[in-house]
1. Tally time: how many residues in segment 124-162 are without any contact (Cβ under 8 Å) to a residue 60 or more places away in the chain, of a type in the set (G, A, S) and touching an Asp or Glu at 6+ places or on another chain (Cβ under 6 Å)?
2. Could you list, in sequence order, all residues of segment 37-56 that are over 17 Å from L174 (Cβ atoms), part of a loop (DSSP other than H, G, I, E, B) and not hydroxyl-bearing (S, T, Y)?
3. What do you reckon, is A183 within 19 Å of T40 (Cβ to Cβ), without any contact (Cβ under 8 Å) to a residue 60 or more places away in the chain and within 14 Å of the chain's Cα centre (by Cα)?
4. Report the residue count in segment 56-72 for those that are more than 24 Å from W153 (Cα to Cα) and surrounded by fewer than 12 Cβ atoms within 10 Å (Cβ to Cβ).
5. So L59 fits all but one of (1) under 30 Å from L210 (Cβ atoms); (2) assigned to a loop (DSSP other than H, G, I, E, B); what number is the exception?
6. Only one of (1) out of contact with any helix residue (DSSP H, G or I) (no Cβ under 9 Å at 6 or more places or on another chain); (2) over 19 Å from G176 (Cβ atoms) is not met by L286, so which one is it?
7. Sort out for me the helices (runs of 4 or more DSSP H) sitting completely within segment 140-239 that have 1 or more residues that are of a type outside the set (F, W, Y) and closer than 30 Å to E63 by Cβ.
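FYI, it's all coordinate maths here, none of it is from the lab. From a predicted model like this one, the values you see are computed outputs, not experimental measurements. For neighbour counting, all protein chains shown are included, and Cβ atoms are generated from backbone atoms with ideal geometry for every residue, glycine included.
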Amino acid sequence: MSINRLQLPFDLLFKLVIGLVIIGAIAYFCVCIFLFIQQTRLIFFPSPVIEKTPELFNLPYEEVWLPVPGRTAKGDRIHGWWIKPKQTDTKSHDKVLLFLHGNGINIGANIAYASRFYQLGFSVLLIDYRGYGRSQGAFPNESRVYQDAATAWNHLVQQRKISPKHIFIYGHSLGGAIAIDLAIKHPEAAGLIVESSFTSIRDVVAYRNLFRMFPVNLILTQRFESIKKIPMVKMPVLFIHGMEDSSVPFFMSQKLYAIAPEPKQLILVPNAGHNNLADLAGVQYLQWIDDFSKQVYVRR
């Protein structure tokens, strides 16, 4: 009788453990499926509300609407601002900058940056990817933002008749990865400026120690593998990164710089974080950009 009494709770315990293992496995599988399907929501953080326009800095500008492929036959349109050059007549030697922002908010949060480039004599085109600001279309993903950047490039070259050799491609954070992708597709561009960007999304996930219990390599579809693309860049590159950046560590810019072809330059800014680098550097930031653009033209 005593053996049977002991056997009964053991059987129940065994079944309970097996049941918990099965439930855990199902939950784990469900989380993997969720991460696979919803990962764009963990990467892109667009806002439809534009709180600031170029008027805040008294910048002359015009609204830009560019057609992109969409879910209907009519397609969608992405929205942007063309900040006009200081000269009343646009000349062939004018510097133009295509501004590609990061994964948060929209172009309204990047006016201060745009104004700095304008101060240096650049005409600036800022665009919002699909799903950001006033731009139409589905929620952003890697292939769409690449396509949106290419649409902006084509607008400058085809509609505004700007020579590619006068167009600088600039990208901040996630925009840096988009800028690198665009740069390898258009080696005829004048130069590339990559600020506070990363080597790949996989590396960012690993650095932040996120989702380490999940098979990230199998789940990840939004890769932004700049580390594989940067060796293919065929133009001068300027990397800038804050040494106190808690979002993207500065050693990622060091890695990109190490394998980028010449000519290249890396500027690491002490005490600067992810979004305050230009504010902290002040006039020095303007000097870095100005020196880089002048060196590009001297090489030509």
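1. 1
2. Result: P48, V49, I50, E51, K52.
3. It is false that A183 is within 19 Å of T40 (Cβ to Cβ), without any contact (Cβ under 8 Å) to a residue 60 or more places away in the chain and within 14 Å of the chain's Cα centre (by Cα).
4. Total meeting the criteria: 1.
5. (1)
6. (1)
7. 142-154, 174-185
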